[in-house]
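The block underneath contains the structure these notes are about, expressed in structure tokens.
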Amino acid sequence: MHTNSIIELNRSAYQNNIDFIKKIFGKKVTFSSVVKGNAYGHGVVEFVSMAFDCGVNHFSVFDVQEAKEIKKTLQDQATILVMGLVQDEDMEWVIKNNVEFFVFDKSRLKEAVKTAKKLALKAIIHIEVETGMNRTGFDRNEINRVISTIKKETNYINFKGLCTHYAGAESISNHYRVDKQIHNFEEIYQQFCKNNLKPEIRHSACSAASIMYSQTRMDLVRIGIMQYGLWPSPAVFVTYLHSKKNKIDPLQRVISWKSSIMSIKNVNTGDFIGYGTSFMAKRKMTIATVPIGYSHGYSRSLSNQGRVLIHGQRCVVIGSVNMNMMTVDVTDINLAKKHDEVVLIGTQDQLSVTVASFSDFSNQLNYELLTRISTAIPRKIIE
Ligand SMILES: *Cc1c(COP(=O)(O)O)cnc(C)c1O
């Protein structure tokens, strides 16, 4: 290994997840692969080209910078949807390149029309409406104005989608709120219909909503976490399994994160290990240093907590996770030596360190853990 660590993306695991997702949603529902946050830490350029090879041609991102990365990788072969920020100065590029985008307030709508007119092109927009999350989206009292603007500017606006986002569909405790959102979204859609203005498609579901509330699937699903082989929460996984006879997890983790031992040393009983006094050796120990720290995205909250695999055995992180390295206990591992493989996420022999396990040792969500993995680490697709 020439680098401190490497991220591997497993193509067959991804194909498995896509096949599963397409099977449960059926042919009529478009699958949009959500790749914001550097494709949830998987590496957007590598991930998107792998996904395209697996038959995915619709991607959703947060901002224009991410849209540009996909354009560079796939040119015009895929549809790109910006769900979040389009800066005014990026509007020209977006419209010229047929990049679709959420419009959630008046100023965005105005800017879209203005730029489209200047370019004599159509802006392809998805109107996001407020249904109860209270983040972005047009309020109920603004809808009539939106409708009249779209009708007036049909030469410059392609009203592609009507959409919303749910405030925590992964947790049963939000059931009442999400249910109300589903109802509100339907009412707003009816308001459009009454005014003889219909979007080409409607969409609202993220991974959790698509499983917990199947009526939210509509024409398109925006799937992030599930395509990476992870469940949005244990509740969603349990809900899915409940509906199945065989209790087998249909998803497979795509990502692995591997490093190798940098140095080995022996310490005596009573010695403190690393900065300060958070870990004292209660016996003679053998310690391996691994060149991974919080600057690479391995959280400091995993100090004295994290688990890695070496020689197919679980080893505990001891002392604090430093900026560029950490120490793990290899006392009970025979023959651990410099350059041996260290698995931070993934499988070695019979054991695995899962992404979900991190939330047991620190209170990181799987989403947070993944997106914190440094963009500088090389990504490699494996078969
Ligand atoms: C991130 C995001 C999604 C995907 O969420 P997952 O839980 O990862 O499936 C869908 N829609 C919007 C608006 C998002 O921001």
Share of Cα-Cα pairs in region 19-91 beyond 22 Å, whole percent, is 21 percent
Find the eigenvalues of the gyration tensor of the Cα atoms of the chain, then list the square roots of 5 times those eigenvalues as equivalent ellipsoid semi-axes, largest first, in whole angstrom.
-> 45, 22, 19
Could you tell me, in Å, what Rg and Dmax come out for the Cα atoms of region 149-199?
-> 14.4, 45
In sequence order, what are the phi-derived ³J(HN,Hα) couplings for region 236-251 according to the Karplus relation 6.51 cos²θ - 1.76 cosθ + 1.60 with θ = phi - 60°, rounded to whole Hz, with x for glycine and proline?
-> 5, 4, 4, 4, 5, 4, 4, 8, 10, 6, 7, 9, 10, 5, x, 9
Residue separation between K114 and S374 times 0.36 nm, minus their alpha-carbon distance, gives in nm 89.8 nm
What number, in percent, do you get for the relative contact order of the chain if the mean sequence gap of Cα pairs under 8 Å and at least 6 apart is divided by its residue count?
-> 19 percent
Based on alpha-carbon positions alone, could you give the equivalent ellipsoid semi-axes of region 56-150 from the gyration tensor, as √(5λ), descending, whole Å?
-> 23, 16, 10
Contact order relative to length of region 80-157, as percent, for alpha carbon pairs under 8 angstrom and 6 or more apart = 28 percent
Hey, can you grab everything whose amide H is under 5 Å from the amide H of I201? Only 5+ residues off in sequence or another chain; H modelled, so Pro and N-termini drop out.
-> G161, L162
If one takes the longest principal axis of the Cα atoms in the chain, at what angle in degrees, from 0 to 90 and to the nearest 10, does the Cα axis of helix 175-194 lie?
-> 30 degrees
Kirkwood hydrodynamic radius of region 128-287, from inverse mean 1/r over distinct Cα pairs, in Å | 19.9 Å
Reachable aspartates and glutamates from K96, Cα under 12 Å, same-chain residues fewer than 8 places away excluded?
-> D76
Relative to the longest principal axis of the C-alpha atoms of the chain, give the angle of the C-alpha long axis of helix 64-74, reported between 0 and 90° and rounded to the nearest 10°.
-> 80 degrees
If one computes the Cα centroid of region 319-383 and of region 1-79, what distance in Å separates the two points?
-> 23 Å
If the convex hull of the alpha-carbon atoms of region 273-352 is projected onto planes in all directions, what is the mean projected area in square nanometres?
-> 5.1 nm²
For region 13-107, the charge dipole (Cβ of Lys, Arg +1; Cβ of Asp, Glu -1; about the Cα centre) points to a positive end, and the Cα of L81, Y40, H58 closest to that extreme belongs to H58
Where in the chain lies the longest segment free of trypsin sites (Lys or Arg not before Pro) that are both loop residues by DSSP (not H, G, I, E, B) and have at most 16 other Cβ atoms within 10 Å?
-> 136-243
Between helix 44-53 and the chain: long-axis angle, C-alpha atoms, 0 to 90°, nearest 10 = 70 degrees
Taking Cα pairs closer than 8 Å and at least 6 residues apart, the relative contact order of region 255-353 in percent is 34 percent
If you plug each phi of region 147-155 into the Karplus form 6.51 cos²θ - 1.76 cosθ + 1.60 with θ = phi - 60°, what whole-Hz ³J(HN,Hα) values come out, in order, with x for Gly and Pro?
-> 4, 5, 5, 4, 5, 5, 9, 4, 6
Among the DSSP beta bridges whose two residues both lie in the chain, what percent are antiparallel, rounded to the nearest 5?
-> 50 percent
Percent of all Cα-Cα pairs per 5 Å bin for region 181-253, counting from 0 up to the last occupied bin, reads 3, 15, 21, 21, 14, 9, 8, 6, 2, 1
Please list the non-local residues whose amide H lies under 5 Å from the amide H of G306, H modeled 1.01 Å from N, same-chain partners needing a gap of 5 or more.
-> V317
Starting from the Cα gyration tensor of region 312-361, take the square roots of the eigenvalues, sort them a ≥ b ≥ c, and report rounded, prolate or oblate (rounded when a/c is under 1.5, otherwise prolate if a/b is larger than b/c, else oblate).
-> oblate
5 angstrom amide H check on M326, placed H, neighbours 5+ away | V290, I292
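Every number in this text was worked out from the coordinates using simple rules, so none of it is lab data. Please read all numbers here as calculations on a predicted model, not as lab measurements. A quick note on method: Cβ atoms are made from the backbone with ideal geometry, for glycine too, and the neighbour counts reach across all protein chains shown.
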